[in-house]
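What follows draws every value from the coordinates through simple rules; no lab data is involved. Predicted model, so just to flag it, every value in this text is computed and none were measured. All Cβ positions, even for glycine, are placed from backbone atoms using ideal geometry, and neighbour counts span all protein chains on display.
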Amino acid sequence: MADFKTIGIVGAGQMGNGIAHVCALAGYDVILNDLSQDALEHGLATIETNMTRQVSRELLSVEDMKTALHRIQTTTEYAPFGSIDLAIEAATENREIKEKIFASLCGVVPDHTILATNTSSISVTRLASTTDRPERFIGLHFMNPVPLMNLMEIIRGLATDQATYEAALALAKRLGKTITNAEDYPAFIVNRILMPMINEAVYALYEGVGSVESIDTALHLGANHPMGPLTLADFIGLDTCLSIMQVLHDGLADTKYRPCPLLVKYVEAGWLGRKAGRGFYDYRGDTPVPTR
C-alpha cells in the first residue's frame, strides 16, 4: 500500500501545484487535474518558475528539474486517474466542492487507491463518510508554500485504518516532510492556533488599535514572526482565512472564533489578497500599499 507509483492531484492552484512539485521531485509520476486548461498551464508555469528558483539557489540540478517536470501530466478529466495509487484533493476550502470531487473520484480510481484531502480545517471523518472507502481516507495537510515548508499535518478520520496511516508516513518521509499528528477537530493544530491570531489582527485593525503597517510591524519585530499577520493573511487568501474561521465558529460554537466583520467585508468585495491583486495591501503597483 505504501509503494505509491502514480499520484493524482485535484487542483492546480497554489497548494495543488506545490504538492505536484514536491511529488515529482521525489520520483512519483503525477497526474495534475483542474477544471480548465488555463488553470493547468498556470499551475505548470508556477512549478517551472519555482523549480528554476531552486536551481538558481543550487538546491536542484537542471537535469533533476527536467526529469521532474517530465513526470507531471495534466488533465481536465478524471478518467486518467484510473491508474493512480493515491489521490490528493487540493481544491478550494469548501466542503460541498470537496465532496463532489471525491464522489467523482470513487467512480474511476482503483479499489486499492488511497484518498487524501489537503483540507486545512474541514472534518476528515465527514469527508471520508461520503466515499466508498473511509478506511482508506486520510487528511494530508501540506503547508504553503509546499516546496519550502517542511511540515505536514496528518489527520486520521474515525475509520482510517493503520495501513493507510503508515502509507501516509512513508509518503511524508519520501517527500522530506516532518509530520505532526493532529486529531480530527476543526482546523486541526496549525490553523486552530494561527487563524484566530490573524482574525484578532483584523479585529485590531477594525477597532482602530493600529494601522495595517503598525500591526504587521508589531508582530514581525515584536514577536519575531517572519511576516506580519495581515501580510500573511493576504498570502494565504482572505477567502481561505474566512472559511477556516467559519469552520472553527460553527464546529466549536465559541464566540471567540467569530470572524471579524472587516474580514467578511474584504471577502465580499473580492479583495482576497495577493491572488486578487488587493487585500489588506494593494499589490497592483511596484510595491504593496496598505488599503486601510
Task: Shape box of the range 192-290 [Cα atoms, principal axes, largest first, Å] - done: 42, 30, 23
Open item on the list: Compute the angle between helix 212-222 and the longest alpha-carbon principal axis of the chain, please, reported from 0 to 90 degrees and rounded to the nearest 10.
Closed with: 70 degrees
Open item on the list: At q = 0.15 Å⁻¹, what log₁₀ I(q)/I(0) does the range 155-226 have when each alpha carbon counts as one equal point scatterer in the Debye sum?
Closed with: -0.70
Open item on the list: List the pairs from Lys5/Lys98; Lys98/Lys177; Lys5/Lys275; Lys177/Lys265 whose alpha-carbon separation is above 31 Å, in the order I gave them.
Closed with: Lys5/Lys275; Lys177/Lys265
Task: Separation of the Arg57 and Asp282 label points, Cα + 7 Å toward Cβ, nm - done: 3.1 nm
Open item on the list: Within a 10 angstrom radius of the beta carbon, how do Phe235, Phe188 rank from fewest other beta carbons to most?
Closed with: Phe235, Phe188
- [ ] Please turn the phi angles of the range 86-96 into ³J(HN,Hα) values with the Karplus equation 6.51 cos²θ - 1.76 cosθ + 1.60 (θ = phi - 60°), one per residue in order, whole Hz, x for glycine and proline.
- [x] 9, 10, 10, 8, 9, 8, 4, 6, 9, 4, 4
Task: Globularity index of the chain, i.e. its alpha-carbon radius of gyration over 2.2 N^0.38 Å - done: 1.01
Open item on the list: Binning at 10 angstrom from zero up to the longest distance, how are the C-alpha pair distances of the range 1-147 distributed in percent?
Closed with: 12, 44, 33, 9, 1
- [ ] Please give the contour-minus-distance gain from Asn224 to Met197: 0.36 nm per residue of separation, less the Cα-Cα distance, rounded to one decimal in nm.
- [x] 8.3 nm
TODO: Note down the Stokes-Einstein diffusion coefficient of the range 94-149 in µm²/s, whole number, using a Kirkwood radius over alpha carbon pairs, 20 °C, and 1.002 mPa s.
DONE: 181 µm²/s
